[in-house]
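Structure, as structure tokens:
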Amino acid sequence: QVQLVESGGGLVQAGGSLGLSCSVSGKILSINAMGWYRQAPGKQRELVASITRDSTTNDADSVEDRFTISRDNTKNTIYLKMNSMKLEDTDIYYCHADVVAVSNCDIYARLYCWGQGAQVTVSS
């Protein structure tokens, strides 16, 4: 089974920095893309930043020049470095992975997986 484990959430003051990490485990054949999403109460989950196999990154306008996504392919891990944080960055952050991995049918399949979510709270 593919599992995404997030870490690094917590409380930070506005203007401060915080980092998140997400590690993918399981019988992974390849990772096409991974990303970070966030979701506020009553809102749809929205993309924060993503990174593809060829290292192409895509950042939301609201976080561009403040947040940086990176990856370590040898560890199947992505990171999100959040700088100059704002109150509006308060959300639950979810890691997402687009992978080819062993499915519950014991064969390789294209899977879309979510992490458990990490609470990020920015205080004034």
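Residues that are under 17 Å from the mean Cα position of the chain (by Cα) and open to solvent by 50 Å² or more (accessible area, probe 1.4 Å) were ranked within region 28-41; the one that is farthest from Asp98 (Cα to Cα) is Gln39.
If a residue must be among the small types (Gly, Ala, Ser) and part of a loop (DSSP other than H, G, I, E, B), how many such residues does region 28-47 contain? Quick ask: steps written out before the conclusion?
Of region 28-47, the ones among the small types (Gly, Ala, Ser) are 30, 33, 35, 40, 42.
Add one more test, that the residue is part of a loop (DSSP other than H, G, I, E, B), and what stays is 40, 42.
So the count comes out to 2.
Scanning region 43-56 for residues that are open to solvent by 80 Å² or more (accessible area, probe 1.4 Å) and more than 22 Å from Thr90 (Cα to Cα) yields Arg53, Asp54. Within region 62-91, being more than 10 Å from the chain's Cα centre (by Cα) and touching a residue at least 60 places away in the same chain (Cβ under 8 Å) holds for Lys81, Met82, Asn83, Ser84, Met85, Lys86, Leu87. Contact map, region 100-124: first residue on the phi > 0 side of the Ramachandran plot, second residue surrounded by 15 or more Cβ atoms within 10 Å (Cβ to Cβ), Cβ cut-off under 6 Å, separation 6 or more or different chains; pairs are Gly117/Ile92; Gly117/Tyr94.
The residue that is farthest from Leu111 (Cα to Cα), counting only those in region 1-27 that are open to solvent by 40 Å² or more (accessible area, probe 1.4 Å) and assigned to a strand (DSSP E or B), is Gln13.
Those strands (runs of 3 or more DSSP E) of region 57-110 in which 2 or more residues are open to solvent by 50 Å² or more (accessible area, probe 1.4 Å) and of a type outside the set (Gly, Ala, Ser) occupy 57-59, 67-72, 77-82.
The values are calculated or read from the model by the stated rules, or taken from the named source; none is laboratory data. Just so you know, these numbers come straight off a predicted model, no measurement behind them. With ideal geometry, Cβ positions are generated from the backbone for all residues, glycine too; neighbour counts draw on all protein chains shown. Surface areas here come from the heavy atoms of the whole protein model, side chains and all, with no ligands, DNA or RNA. Shrake-Rupley method; radii C 1.70, N 1.55, O 1.52, S 1.80 Å.
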